[in-house]
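Read the figures in this text as sums done on the coordinates, not as results from a lab. Quantities reported herein were computed from a predicted structural model and do not represent experimental measurements. Positions of Cβ are generated from backbone atoms using ideal geometry, with glycine treated the same way; all protein chains shown enter the neighbour counts.
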Amino acid sequence: MSKNWQDITLALAGIFQATALVEQLAKTGYVPPEAYKCSIESILNMDPANTLDVYGNTTANLRVGLETMRELLQPNSQKQRDTLRYGLGVLHLQKKLAGRKDMLKVIGSRLTQISQQAAHFDSLHENVIGNMGGLYSETLSTFRFRIQVNGDYNYLQQQRIANQIRALLLSAVRSAMLWRQVGGNRWQLLLNRKQLSYQVDELLRRM
């Protein structure tokens, strides 16, 4: 069966958008609002019509992720190394999570509650982000393997930013689940870089 490389690329862009925002937030205390909103809302879209629907039905919402992928897919790229490290860590966490049906059930139940809260307030309300961050801490952070985030201590010690970082990591794991569902695997990052680069360029060109 032939793979849908566009869906695989979109889901990967979702992962690397979230992890690029983690790096930026940890080092500068700032994230672009449109990209941030897309990543957060992707967590709450639990019954999408298709892959792009997860990200608001427009590739423009994934510009940060696609541009990040274009840089990371360059031969011997040294840029955004933390973003890449976080992304690979997320793929590892998602694989661990896939084997924990109990934890998946907890996450699904809690996300239903958070979706209701987001509908009442707003998807980016600090209480919603706080609950997403708490969900990440209580589930994915309990694995022996943890993603260590590098950044400015003055930002990392702020509870609001810590919650945003954890919520973005949760978003990256959500995209990693989608990536697996549409046929993604780690070997593609090594063996199919040309195909992925072509898809990234095509998606960016159409914007």
Can you tell which of 161, 147, 117 lies farthest toward the positive end of the dipole of the stretch 104-207, using +1 and -1 charges on the Cβ of basic and acidic side chains (Lys, Arg; Asp, Glu)?
-> 147
Among the listed pairs 3/96; 37/79; 27/105; 105/194; 3/95; 27/101, those beyond 28 Å (Cα-Cα) | 27/105; 105/194; 27/101
Average Cα contact separation per residue, the stretch 61-190, under 8 Å, 6 or more apart, as relative contact order % = 27
Dipole size in debye (nearest 20) for the chain around its Cα centre, Lys and Arg Cβ +1, Asp and Glu Cβ -1?
-> 780
Can you tell me the FRET efficiency between residue 150 and residue 96 if r is taken as the Cβ-Cβ distance and R0 is 25 Å, rounded to the nearest 0.05?
-> 0.70
Cβ charges +1 (Lys, Arg) and -1 (Asp, Glu), total dipole of the stretch 146-207, debye | 180
Paramagnetic label zone (point 7 Å from Cα along Cα-to-C-beta, residue 197; backbone N under 17 Å) in the stretch 1-38 | 9
Quick one: dipole size for the stretch 94-207, taken about the Cα centre, charges +1 on Lys/Arg Cβ and -1 on Asp/Glu Cβ, in debye to the nearest 20.
-> 620
Ranked output for segments 159-166, 124-131, 60-67 by mean other Cβ atoms within 10 Å, highest leading, reads 60-67, 159-166, 124-131
Which of 204, 31, 77 sits closest to the plus end of the dipole of the chain, meaning its Cα is farthest towards the positive end, when Lys and Arg get +1 and Asp and Glu get -1 on the C-beta?
-> 77
Low-density loop cleavage sites - chymotrypsin sites (Phe, Trp or Tyr not before Pro) in the stretch 113-207, where at most 16 other Cβ are within 10 Å (DSSP) | 121, 143, 145
Given a Förster distance of 41 angstrom, what is the FRET efficiency for residue 4 paired with residue 28, based on the Cβ-Cβ distance and rounded to 0.05?
-> 0.70
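Would you calculate a helix-derived [θ] at 222 nm for the chain, using -39,500 (n - 2.57) for each DSSP H run of n ≥ 4 and dividing by the full residue count, to the nearest 500?
-22000 deg cm²/dmol
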Relative contact order, percent, of the stretch 1-133 when contacts are C-alpha pairs under 8 Å separated by at least 6 residues?
-> 27
Mind checking the full-extension length gain between residue 67 and residue 122? Use 0.36 nm per residue of separation minus the Cα-Cα distance, one decimal, nm.
-> 17.0 nm
